[in-house]
Structure formats: C-alpha cells, structure tokens
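Rule-based calculations on the coordinates, nothing more; no lab input. For clarity, every value in this text was computed on a predicted model and none was experimentally measured. Positions of Cβ are generated from backbone atoms using ideal geometry, with glycine treated the same way; all protein chains shown enter the neighbour counts.
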Amino acid sequence: MSIPPSLNTLLSKHVTLQIESIDRMYLNLYVPNLQRDIGAVTFFKKHRQALFASTVLMDTITKAFVAQIEDYTKKQQIPLISFVRGQRKDDLAKSALKEFTASEGVLFVGKAQEKTPVFRTQKRTHPETGRTYPWIVKSTAMVNAYYFYGVDEDFGPFFLKYASYFPYNAKLCINGHEYLKRQLAKEGIAYEALDNGLLSCSDPVRAQQIADDLTPEKIADLAHKWQQRLPFPFTQEDTEAGYAYQLSILQAEFSLTQVLECGQAGRLLFEEIIRENLDLGRPSQVQLIFDRKVIATTPGRFRTRVITEGVTPSLHVDYKSSRIKQYHKEGQALRTETTINNTRDFGIGKNILNLPALRKVGFAANRRLLQVERVSHDCLVSQTTLEQVERPLTTSEGQRTSALRFADAKVQAVFSALVLLSMVAQGFSNRDLRAPLAAFLGVSEEEISAGQMTYQLRRLRLHGMIVRVPKSHRYLLSTQGLRLALFYTRAYARLLRPGLGLVAGAPHVPSSEASTCFEELEQAMNRCCQAVYLAA
C-alpha cells in the first residue's frame with residue numbers, strides 16, 4: 001500500500017477495524033456520610049453509641065481491618081508485597097498475570113504509604129464552662145494503602161485500593177478494553193488482541209455493541225462484588241444503617257481505535273497531520289474539540305504538545321484538567337483518546353450514574369478532532385467551487401452579493417479570521433469576527449462599522465460559507481466554508497506570497513530555480529517585443 005494522499009482517504013478506505021470504547025477508568029469509592037467532620041461525629045456518637053467521638057475509636061477499627069487483610073493473605077496464600085519507592089505497580093501486576101491461570105481471583109496485595117484525607121482529634125474548650133472536650137476535624141496524613149490486584153471473569157485485570165485509616169476511602173481501576181476482550185471470549189467471537197485494544201475481530205458490530213453496553217450499573221456491581229469478597233472495614237450493621245460505599249468518577253479515558261491496513265503509511269501520514277495541527281491547543285480551536293466555550297477568565301491550560309517517546313510521536317491537546325491524546329499505536333493503529341480528569345469541566349456531576357453523559361463528551365471530542373484534521377489536511381477545492389465564489393452571486397430569492405476573490409486583501413483577511421473562529425462550537429457573532437478581522441487588516445475595531453460587518457456576514461452566508469444558528473445572531477462555518485477558508489489562506493501564505501518573493505527577487509531572498517526561470521522568461525519576452533518593434 002502506498003502512502004494515502006490525505007487523512008480522508010486513509011480513514012475512509014484503509015481502516016480494517018474501528019472501535020469506540022471506554023479505556024481506563026479510575027473511580028472513587030467513598031461513604032458519603034463520612035466525608036465531613038460532623039458525619040464522623042454522628043457515626044460514632046449516634047450510630048455506635050459512643051460517649052465521645054475520637055481517633056481512639058477509629059484506631060480500633062483500623063487495627064481490625066489491617067488484621068483482616070493480613071489474615072486473608074495468609075489463608076488464601078496470596079503474596080503481601082511492600083511497594084518500594086519508584087517501583088511500577090502495573091509492571092508487577094503484568095508479571096503476576098502471566099502466571100495466573102484461574103478465571104478470576106486475587107494476584108497479590110500491595111502495601112504503600114500514601115497521603116490521604118483522614119480525621120484527627122482536636123481539643124476544644126467550651127465557651128461557657130471552660131471544660132475541654134475532644135472534637136473530630138478533617139486533615140491529611142501518610143497512611144498505609146492496600147492494593148488488591150485481581151482478575152474478574154467479566155472485567156479482566158483490575159485493582160481495588162483501600163486507605164487503612166478512617167473513613168477508609170477506596171479507589172477502583174478498571175479497563176474497558178479488557179472488559180471487551182472477556183465478553184468476546186465468552187461469546188466465542190474470535191479476535192486478535194492489540195495491547196490495550198483489538199487488532200482484528202470476526203464480528204466488529206457485536207464488539208462495538210459490547211463496548212457500548214459497559215454501563216454504570218455493571219461497574220457498580222463489580223465494585224460491590226469484590227468488596228464482599230475482600231476484607232472490609234465496616235460491619236454489616238454499619239452498611240444497613242446507611243454507611244454504604246458509592247462510586248464517583250475520578251478519571252475516565254474514552255478511546256477511538258482505527259486499525260490501518262499499512263501501519264508504516266499511517267505513521268508517515270500521522271506525522272504530517274501533527275505538523276498541520278500544532279495550533280489545536282489554541283482556545284479558539286479547543287472549544288470545538290471539547291464543545292465548551294473558552295473566555296478570557298476560563299482557568300486551566302490550553303495548549304498543544306508533541307511528545308516523542310522513543311521514535312513514536314504523540315499529539316496532546318489540553319483543556320483545563322482534561323486532555324485529548326492522539327498517537328500511532330504499536331505501528332498498526334491510530335488511537336485518539338480523550339482523558340477527563342474532572343467531570344465538572346463539562347458541567348457533569350462525578351457520580352458514576354453520569355457516565356453516559358460523560359461518554360458523549362469524550363467520544364464526541366475524539367470525532368471532532370478527527371473532523372478538524374481531515375478538513376485541515378485535505379482542503380483542496382474543485383474548479384467549479386472556485387469559480388462560484390470568484391464571481392458575484394444571485395440567489396433564487398433574487399438577492400445579489402459580491403464575489404470572494406482570491407486576490408482581494410480584504411477577502412484574505414476575512415478568511416483568515418474565519419479560520420481562527422472555525423471551530424467555536426457555539427458559533428461566532430458579528431462582534432467575535434470583528435476583532436480578528438481588524439487585526440488582519442491592520443486597523444482598530446472602531447474603524448470597522450457594524451454595517452461593514454453585516455455586509456461581510458451577508459455575502460459569506462449567501463456564498464454558503466457560513467450558516468446561521470437558529471434563533472440567534474451567531475454563525476457556524478460550514479464544512480465547505482472551512483475548506484475554502486483553509487485553501488485560500490494556505491495557498492496565499494504558503495504558495496503565492498513566498499513564490500512572488502522568489503520570482504520578484506525580494507531582498508535577502510536567495511536565488512532559486514523559480515526566480516532563474518522567470519528571469520529567462522522575462523528576457524525571452526523582451527527579445528520577442530524587440531523583434532516586432534514593440535517596447536518591452
């Protein structure tokens with residue numbers, strides 16, 4: 001297979017398998033009633049009928065919980081490992097997984113000291129009696145965290161981590177691709193594995209259905225299943241009284257994997273795409289990808305990074321505390337992956353039940369990034385289209401509008417401004433367009449009247465460059481409009497302007513083959529004119 005001429009061609013004709021799936025998910029498990037000091041006091045004084053709420057009572061629960069863990073590892077003959085600084089826990093899990101033959105079970109339990117929220121006892125003085133009394137306050141401390149690395153028959157490898165001190169918050173890590181592989185195997189559907197993905201599948205439609213069916217309820221069932229099997233800090237009476245764990249989303253990765261016919265061709269094209277899209281981290285561009293408006297006061301990072309690990313480059317676009325990453329996976333697939341580290345960046349709650357809404361954001365961000373890249377990488381337009389915009393237009397309603405001529409400096413300025421605003425998800429207004437247009441024309445915004453802006457928007461709309469958002473005064477750039485704007489601005493900036501500089505022999509521009517040929521052409525034309533007695 002030769003290198004495809006564009007990303008459109010590559011993704012339309014040379015993708016053998018395409019799967020959208022949740023990748024890694026990192027979840028918080030917590031008891032809602034025990035996250036504040038008053039909740040901890042209520043737990044001990046009202047629920048457990050203690051005279052005072054203090055850390056002494058917490059210490060008793062902690063010692064019993066740690067004893068349960070140690071007893072569990074001994075009885076089940078499961079290794080209890082103390083992690084050392086700098087040790088990669090996932091590497092240990094992969095090594096243990098190679099020797100694990102059962103359908104499910106615990107690989108090992110790991111222990112590490114980590115900083116976590118805890119409660120401490122503080123002495124307070126009663127303002128009337130002057131007597132001191134203990135009070136619970138929230139704080140942080142370095143405590144032992146216990147990692148239960150296991151394998152589930154439905155979800156594959158996972159780990160469940162508990163803090164060993166009150167209120168015993170936990171974290172669960174799963175992988176949606178591992179869930180997909182397990183379900184395919186259960187249904188007898190043949191597949192070839194890609195590290196953290198699929199390379200091929202005999203029934204890709206069913207594979208996508210399985211990936212889509214990973215619901216919040218199934219994830220919650222997994223957590224509760226293993227909480228019942230593993231050592232647990234609270235009693236049954238505590239749980240029945242309402243002190244039960246709930247799940248929230250700490251981090252979620254949403255991936256689109258597109259397996260390519262020829263990996264090397266895809267790799268070369270991907271590197272070209274990276275060069276074309278280094279500005280995707282710009283706020284005006286990142287708005288499209290994440291479908292969120294960015295204003296001057298919006299906190300967070302908005303940037304594009306190209307990271308090279310070994311010889312494999314990857315494109316990273318940051319939005320607040322989330323990011324979208326694109327890379328060539330194992331030389332065989334294009335992986336586009338949105339990682340959301342804070343659901344509230346998108347106005348979505350953290351509860352696991354909000355996963356469907358978060359999926360829409362993550363997968364839509366992947367698709368939008370590819371849409372931007374496809375148009376950006378292949379912005380050639382047909383001769384017919386050029387002729388249509390290069391001449392005045394009369395619509396079926398009898399409205400007439402002027403041409404959008406390539407050589408018109410104002411048209412170039414308008415198109416350059418449109419490129420800046422091309423991917424604003426909510427559309428742009430008259431005012432939004434005025435600021436960049438003024439900058440490209442080299443004038444102040446005050447020098448461009450409202451009537452002039454209305455004129456520009458009208459002719460852009462009639463030429464099909466932009467469409468009006470219903471019931472608003474905002475506009476969206478059409479796909480054809482984006483293609484034309486990119487073609488005009490790139491042809492002018494990359495071809496015409498530098499080409500004319502070479503031909504005209506601009507100062508400080510070294511002589512080139514093009515300038516030499518044009519000089520020879522000019523001399524030949526002069527000789528021809530002289531031969532027929534015409535002045536050159």
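Please report, to one decimal in angstroms, the Kirkwood hydrodynamic radius of region 426-473 built from all distinct Cα-Cα pairs.
11.4
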For the THR9, ALA357 Cβ pair and Förster radius 35 Å, calculated FRET efficiency rounded to 0.05 is 0.55
With R₀ set to 60 angstrom, the calculated FRET efficiency between the beta-carbons of LYS111 and ALA403, to the nearest 0.05, is 0.25
About its Cα centre, region 85-194 carries a charge dipole, from +1 on Lys and Arg Cβ atoms and -1 on Asp and Glu Cβ atoms, whose size in debye to the nearest 20 is 900
For LYS171, the lysines lying under 22 Å Cα to Cα, once residues fewer than eight places off in the same chain are dropped, come out as LYS63, LYS89, LYS94, LYS111, LYS115, LYS138, LYS161, LYS218, LYS225, LYS350
One computes Rg over Rh for region 144-207 from alpha-carbon atoms, with the Kirkwood Rh, and obtains 1.16
Length gained, GLN452-THR60, 0.36 nm per residue minus C-alpha separation, equals 133.5 nm
Under the 7 Å Cα-to-Cβ spin-label approximation, ALA185 and GLU153 lie apart by a distance in nanometres of 1.3
Compactness check, region 37-195: C-alpha Rg relative to the 2.2 N^0.38 Å globular estimate gives 1.39
Checking rank on 42-51, 343-352, with mean other Cβ inside 10 Å and highest first, the result is 343-352, 42-51
The ratio Rg/Rh over the Cα atoms of region 145-258, Rh being the Kirkwood inverse mean 1/r radius, stands at 1.04
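Roughly what percent of Cα-Cα pairs across region 8-52 reach past 15 Å?
68
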In whole percent, the Cα-Cα distances of region 52-117 spread across 10 Å bins from 0 upward as 16, 39, 30, 12, 3, 0
Note, SER139: beta-carbon cut-off 13 Å, +1 each Lys/Arg, -1 each Asp/Glu, net +3
Computed on Cα atoms only, the convex hull of region 1-107 has an orientation-averaged projected area in nm² of 14.4
